[in-house]
Structures are given as structure tokens and as C-alpha cells.
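The structure appears below as C-alpha cells.
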Amino acid sequence: MSEQDYMRRAIELAKNGMGWTAPNPMVGAVLVKDGRVIGEGWHRRCGGLHAEREALAARTEEARGATLYVTLEPCCHHGRTPPCTDAILEHGIAKVVIGSRDPNPLVSGQGAAKLRAAGVEVVEDFLRAECDALNPEFFWYITHGSPYAVMKYAMTLDGKIASRTGASRWITGEEARAHVHALRGRYAAILAGVGTVLADDPMLNCRLPGAHQPLRVILDSRLRLPPDCQLCRTARDYPTLVASCFPEPGRHAALEALGVEVAVLPTEAGRVSLPALMELLGKRQISSVLIEGGGQVHEAALRAGIVRHVCAYIAPKLLGGRDAKTPVEGLGAAHPDGAALLAQPRIRRLGEDLLLEYEVTRGMEADVHGHC
């Protein structure tokens, strides 16, 4: 195996922690000695051993003189666990090959520097682009303190997310829908508007076996959430937060009696302030949010500038209808110059459907109109 093979193995190991490590990053590690893999590990969940210590604990022989391939710079500070740099030095590892640099100010180059100062050979930025792709959520959250927000929707080739009657099941096929559940398992929270709840009565959970279940966040400015909806009926099994700007104690108490948490937030144009919601979630260590909100919420999120990434599932169908719903509604931008801008396109085939992904480089022009 080559050095690239060892690092790519570490990347695959890191993915085993998907959904469970937040707000920590996904990290994988492979320990190699004399051309043999003698230990592997990954960060399994927040609060657990880091990937380096997992690999050392799983080693099949003495690690002295070995090379460690790790997808993220080893930590050098005491957090929930002791510094990984200490474990590397204690076991006499001779060389450390690092993929991503850690932007956490508590690490940020200090881990690599500590190893070098102790005589360890350190190689940085090895397959960095592939390693960085593991953790855009962590990189954003650790540097900004707010969640990395992804806007997701499924639409027909003519840009409809539902027919003129409001029917939307199903726009895409089974493979694309399974991919959506994998996304839900990855992100720390799902955000939707009460309009989506009233129209579709969704569960907003991840249906993959053994997957992490995200916090369900509902924008509901006037507390219209029905107590008999699936979200309320399952709130004791799946954590659910309603973001409102309607301080009505009786209604709050009724929802809280069902296990639903209610947060009263500042308003913008009479609606819940999305930046205030992102600030609240960030303080709760919610590092990522998947927005599945419908056209009104999507427009508000783009105008608020909170969207970092877009996932658009495109079905080979043409629904038509001038009144059929579209992914981004509201007034829209007044001029092409005011449009949200996207970059770095990626495309993937999922059965007969396509998944298009983009980074958001600029939100939509500001507007006074609200959402839910």
C-alpha cells in the first residue's frame, strides 16, 4: 500500500463517526510499521477517545518507530480527553502524516509544532482537500460559533417541489430519498417551517438503522404547531425545538407537556430572526443544520445569509403549473445582480435522479419580508 492508500483508509475510517462526533470533527487514523498496518481507529463520538488514541489502543504490536496517518492535526490541549500529542510521544512514533490543519485556536499549528519540537517527523497537508471534505461543518462552527447550514430540496427538472395541488410524494426515487436520510443522520439539526408541518405532517427523523437522530427545529412564529402532529407525538423520542416569537405561556406549557421545547426569539419583520436562531443553536453546540423548509423558509435563509451549502435533488419529471411550488419563493431578487451566488458545482447520479451540490458564496439581496 502507498502513503495515499493509508490516508484514504483513514478517511474512510473517519466516516464511521458521521453524526456522532459533533460538535467535534470526524477523524480517522492508521498506524503503520515496516509496511504493515498495526492499528486503526476513528473518533466514535463526542467525549470518546480521539482517533489517534483509538488506533494506538488497537495496535497489534509496539508502536515505537511507526508512522501515524491522521486526517486532522493531533490536538495538544486538555479538553474532554487528554492531548493526542502526548500519546504519540509516549509511544515513540517516529513520523506523523497529517491531512487537515485544525482551525481550533487551541490547536491551530501547535500540535504539529509540539511534535516537531520533540523530534517527530511531521508531514502536513497530505491529501488535504480530501481530508478537508470530511469536516466543513466543524471548520465553520469552530471559527464562527454558529452552525454550518445546508439548504436541501428535491425538485422536478422544471423547478417544482410540489404539484399545483401541493402533492410532493414522491418527487425523487428511492435512492435519492435514502441519500436524504443519510444527510439527516450527518447533521446535528433539521430546520423546517410550520407550513411544511401543516402541509405534510413529516417526522423529520433519520430512518437509517442505528443512525444519529438530529434535533428537529421548527420555525413557528405564532405557535400554530398542532398537538396531534407527528412531531409532537414523537417529541419524547426525538428532541424537538420550536422557535417562536409569540410569548404565550399557556400555549408554551401545552407544547412542553408533550416534550416539545419552546424558545422565544427576537423578531425580524414580525417573524423569528434566523440569525438569532443560529446564535442560539451555536451556543448549544449545534454545529450543523439541514434546512428542509419549503420555499418561504429557503428564501428567508438565503436573505439572512445563513446558508453555506446547497443540495438540490433533480428528478427527471416535468410537473408544470404556474402555481406549483418552487424551491425558493417569496418576492425573489429584484434583479439578477441580487441573486444568491453559488460556486464549486458537484454532480452525482442517484438512480434516475441527480444530486447537484454547490457552495454558497453570497446570500440573496436583503428584503423586509419574512417567513413562517
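The values are calculated or read from the model by the stated rules, or taken from the named source; none is laboratory data. What you see is a predicted model, and the numbers here were worked out from it, not measured in a lab. Quick reminder, even Gly has a Cβ in these numbers, built from the backbone with ideal geometry, and neighbours come from all protein chains shown. Side chains included, ligands, DNA and RNA excluded: accessible areas come from the protein's heavy atoms. Shrake-Rupley method; radii C 1.70, N 1.55, O 1.52, S 1.80 Å.
Magnitude of the charge dipole for the range 246-372, about its Cα centre and with charges confined to Cβ atoms of Lys, Arg (+1) and Asp, Glu (-1), is about 280 debye. State the answer as a single residue: which of T67, G79, A55 lies farthest towards the positive end of the charge dipole of the range 33-87, with beta carbon charges of +1 for Lys and Arg and -1 for Asp and Glu, about the Cα centre. So the residue we want is G79. Leaving out ligands, DNA and RNA, what percent of the accessible area of the range 1-150 is carbon and sulfur, probe 1.4 Å? The nonpolar share, carbon plus sulfur, comes to 50 percent.
The coefficient of translational diffusion for the range 244-372, derived via Stokes-Einstein from the alpha carbon Kirkwood radius under 25 °C and 0.890 mPa s, stands at 145 µm²/s. Note on the chain: dipole from Cβ charges, positive end direction compared against S287, H252, P23; the farthest Cα belongs to H252.
Comparing Cα centroids, the range 178-232 and the range 21-85 end up 34 angstrom apart. Taking the average, over residues, of other Cβ atoms within 10 Å as the packing measure, peptides 61-74, 317-330 rank 61-74, 317-330 from highest down. Here the dipole of the range 138-269 is about 220 debye; that uses its Cα centre as origin and unit charges on the Cβ of Lys and Arg (positive) and Asp and Glu (negative). Near the amide H of S108, within less than 5 Å, lie the amide hydrogens of D102, all on another chain or at least 5 residues away, with H placed in the peptide plane. Residue ranges 26-34, 228-236, 132-140 sort as 26-34, 132-140, 228-236 when ordered by packing (mean number of other C-beta atoms within 10 Å per residue, highest first). Rounded to the nearest 500, what is the 222 nm mean residue ellipticity of the chain from helices alone, with -39500 (n - 2.57) per DSSP H run of 4+ residues and division by all residues? When only DSSP H runs of four or more count, the value is -7500 deg cm²/dmol. The residues neighbouring A324, those whose beta-carbon lies less than 12 Å from its own, together hold a net charge of +2 under the Lys/Arg +1, Asp/Glu -1 convention. Can you find, among H144, S108, L157, the residue farthest towards the positive end of the dipole of the range 83-159? Put +1 on the C-beta of Lys and Arg, -1 on that of Asp and Glu. Final value for the positive-end residue is S108.
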